[in-house]
Amino acid sequence: MKQERLPFLADNLFYTKRFARYVGRRCRSATIKTIAQELRLDWKTVKELDKQYMREQLRRAGAPRPKVIGIDEVSLRKGHTYRVVVSDLERRRPIWFGGTDRSEASMNFFYEWLGPKKSQQIRLAVMDMWPAFEKSARQHIPQAAILYDKFHIMRHLGDALDKIRKQEYARVSGQERRFIKGQKYHLLSNRENLTLSGRQALQTLLRANKRLNTAYVLKEAFGQLWNYHTEAWARKFLDNWKAALRWQRLRPYQTFVRLLERHWNGIAAFCRAENKVSLGFVEGLNNKIRVIQRRAYGLRDEEYLRLKILTAMLHEI
């Protein structure tokens, strides 16, 4: 008996490639369970057809040759279970998902996968201030500049502001506490993202507590650091920002400043014209990954999650 392979059939011989692509496109915006119920298929069948669709997406996208990479970790579940995600920031797509944690050894797996020839073409690596990522980069791509991600730095500043909020809540008593309680979101959010009632609550809080008002104004002003085009002007801005902290008794901000000083070279690197890349992509990808994880809640198939992340920014086929 001779078995003939028909080109229009999917890997699952009961379905055509056209049908597999339809299932894959539907799975980009809906859960496996929903599509299985809609098409009256077993959910395992839907998942395998979706995998075939995503592998074809990656094949058509071609082998990555990144010049500017963004490095971040993603938490799979509670208990500090992490994987590393590396993105091509020029083509705006994730290109690698792997490792067993966020250690230097896990980061090394990426450079081994990419190969020494392609690694030598990387000119800039954007990352948070996690030492393992930088150490691995210094070893495998010594020619590349290191740039610390703005959003992670602002997150450290937000954490410092929240510590000040907690300190003020513990310091004051009686009626003054009611202005501080429950205001974490309003303090840490961008003002333009607040509703009218949120802005009114924030204004009431800032009028009621002078120290929090000072800390909030400093937090809002700090974002200007990334607007400068020379390191000298960025340094002058930071020195002025530090001077504004004197006599303010904002210890969490002093700790934040020491963090900045230790990592200044990687922060100031953004001032150079060749390093002016979009820093919002990695944060946007993180938001998309969280949506994917919520949609795939309960699935233990890490290969499926890997494919979902790597194709999250690719076009439909």
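The values are calculated or read from the model by the stated rules, or taken from the named source; none is laboratory data. The model shown is predicted, which means the values in this text are computed figures rather than measured ones. Cβ coordinates were reconstructed from backbone atoms using ideal geometry, including for glycine residues, and neighbour counts include every protein chain displayed.
Within segment 68-94, the set of residues being under 13 Å from the mean Cα position of the chain (by Cα), of a type in the set (A, V, I, L, M, F, W, C), surrounded by fewer than 23 Cβ atoms within 10 Å (Cβ to Cβ) and under 16 Å from Ser106 (Cβ atoms) comprises just one member, Val74.
Considering every residue within segment 175-184, establish whether at least one is within 30 Å of Gly70 (Cβ to Cβ) and surrounded by 15 or more Cβ atoms within 10 Å (Cβ to Cβ). If you could, list the steps in order and put the result at the bottom.
So the first thing to find is which residues in segment 175-184 are within 30 Å of Gly70 (Cβ to Cβ), and the list is 184.
Subsequent filtering for residues that are surrounded by 15 or more Cβ atoms within 10 Å (Cβ to Cβ) retains none.
No: segment 175-184 contains no residue that is within 30 Å of Gly70 (Cβ to Cβ) and surrounded by 15 or more Cβ atoms within 10 Å (Cβ to Cβ).
In summary, helices (runs of 4 or more DSSP H) completely within segment 196-298 and bearing 1 or more residues that are modelled with pLDDT under 85 occur at 196-208, 280-295.
If I filter segment 101-122 down to residues being touching a helix residue (DSSP H, G or I) at 6+ places or on another chain (Cβ under 7 Å) and charged (D, E, K, R), which single residue comes out as surrounded by the most Cβ atoms within 10 Å (Cβ to Cβ)?
Residues of segment 101-122 that are touching a helix residue (DSSP H, G or I) at 6+ places or on another chain (Cβ under 7 Å), as a first pass: 102-104, 107-108, 111, 119.
Subsequent filtering for residues that are charged (D, E, K, R) retains 102, 104.
On the way: Arg102: 21, Glu104: 17.
Ranking the candidates gives Arg102 first.
Looking across segment 177-195, the residues that are of a type in the set (A, V, I, L, M, F, W, C) and part of a helix (DSSP H, G or I) come down to Phe179, Ile180, Leu187, Leu188.
Sort through Arg40, Arg93 and tell me the only one that's at positive phi and out of contact with any Asp or Glu (no Cβ under 8 Å at 6 or more places or on another chain).
Arg40
Take the residues in segment 299-317 that are of a type in the set (Lys, Arg) and either outside the structural domain of Glu73 (by TED's automatic domain parsing) or part of a helix (DSSP H, G or I) (or both); name whichever of them is farthest from Tyr82 (Cα to Cα). Filtering first and then ranking leaves Lys308. The single condition among (1) in the same structural domain as Glu220 (by TED's automatic domain parsing); (2) buried (at least 17 other Cβ atoms within 10 Å of the Cβ) that Ala145 does not satisfy is (1).
Please determine whether any residue of segment 25-44 is closer than 30 Å to Asn108 by Cβ, buried (at least 19 other Cβ atoms within 10 Å of the Cβ) and modelled with pLDDT of 90 or more.
Initially, segment 25-44 is screened for residues closer than 30 Å to Asn108 by Cβ, giving none.
No, because not a single residue in segment 25-44 is closer than 30 Å to Asn108 by Cβ, buried (at least 19 other Cβ atoms within 10 Å of the Cβ) and modelled with pLDDT of 90 or more.
Summed over segment 157-178, residues that are in contact (Cβ under 8 Å) with a residue 40 or more places away in the chain and farther than 19 Å from Val257 by Cα total 1.
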